[in-house]
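Since the structure comes first, as structure tokens, the remarks are kept for the end.
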Amino acid sequence: MNKPEIAPPTLRSIVLEVRDLLREGWWKFFDWLAVISWKYLFFVSFLVLIIGGIMSLGGLAFWLIVVSILIKSLAGGKHRAELAAVAAASRADMEALERRVLEAEMAALQAQIEPHFLFNTLALIGQLIETQPQQAAKVHADLIRYLRSAMPQMRQQGMGTLGQQIELSRAYLNIMQARMQQRLQFSIDVPEALALEAFPSMMVQTLVENAIKHGLEPSTEGGEIRISARQQDGFTEVEVTDNGVGLDMHADDGVGLSNIRERLRALYKGQASLLTEIPADGGATFILRVPSPASASQTSQASQTS
């Protein structure tokens, strides 16, 4: 069996191969200069000068060093830009992942809370129908109002408006007041001008539920919940206060409070906070403090400019 003859390389193929090798070598040299330190480059340059002097190639060695320093300056900038781009992409991916995880946790938490609350409310309506039909109708209307406020916020899984949060908490407190009777009083003081402010969904409601569960329900006398909102120093602050059994400052946050803190960190990158205070007359105060939209926009523009 005859072996196939191999055609000798043509001049054109040799030139193309040499060109590809030179191109590949150039970019390897460029990338090498990008990653080495200036100290190492100066050391190598010193060796090149010595070797060039021995071989009577001092002029060529000098210009090679000058060109290398110029390329190092360009390559270093390219390398830093690439590292910054990779870091920014990685950070953006991580933040997006954190937000998705936190919103999934919030959705899972709501999935656990809502059926319990819903079943108790339906049972309450069933009891009131026989004894207090008008009160049953009122609780039924509050339940519809609660669901109308809650469903869009759970679908949004991010931002709603402060007005939506307040309407949800108002409907919830009306229902809980029907259950707890005189053991629950509440007041809401939120200026109408803040109703359209962007605000993270379900956070105010979580604080209200926390005040009921850990503040008022354990108390035989019950108590009062006060919700208020204000703008101060470029921040929107929403305060939820109860005069129940109070806080154990040495205890860890529960699931709801931990979820709020993590969501604030992911959404506002350290600019928002959940503050905890103990009023002089007892109970607990929680203050949600988030940048107002105008302040957040200015901060974002400043960070982009810098």
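The values are calculated or read from the model by the stated rules, or taken from the named source; none is laboratory data. Keep in mind that what you see is a predicted model, and the values were worked out from it rather than measured. All Cβ positions, even for glycine, are placed from backbone atoms using ideal geometry, and neighbour counts span all protein chains on display. For the accessible areas, the whole protein counts, side chains as well, though only heavy atoms, and no ligand, DNA or RNA atoms are used. Shrake-Rupley method; radii C 1.70, N 1.55, O 1.52, S 1.80 Å.
Annotations for the structure displayed:
- Subset of region 215-231 that is touching a residue at least 60 places away in the same chain (Cβ under 8 Å) and in contact with a Gly (Cβ under 9 Å, 6 or more places away or on another chain) - its residue that is farthest from Ser292 (Cα to Cα): Gly223
- If you filter region 160-185 down to residues that are part of a strand (DSSP E or B) and under 25 Å from Ala272 (Cβ atoms), you find that the one that is most open to solvent (accessible area, probe 1.4 Å) is Thr161.
- Of Ala211, Ala280, all but one fail to be open to solvent by less than 20 Å² (accessible area, probe 1.4 Å) and either at pLDDT 90 or above or over 20 Å from Ala195 (Cα atoms) (or both); the exception is Ala211.
- Some residue of region 185-198 being in contact with a Phe, Trp or Tyr (Cβ under 8 Å, 6 or more places away or on another chain) and at pLDDT 90 or above: no
- Positions within region 264-292 being under 11 Å from the mean Cα position of the chain (by Cα) and over 18 Å from Val240 (Cα atoms), in sequence order: Arg265, Ala266, Leu267, Tyr268, Lys269, Gly270, Gln271
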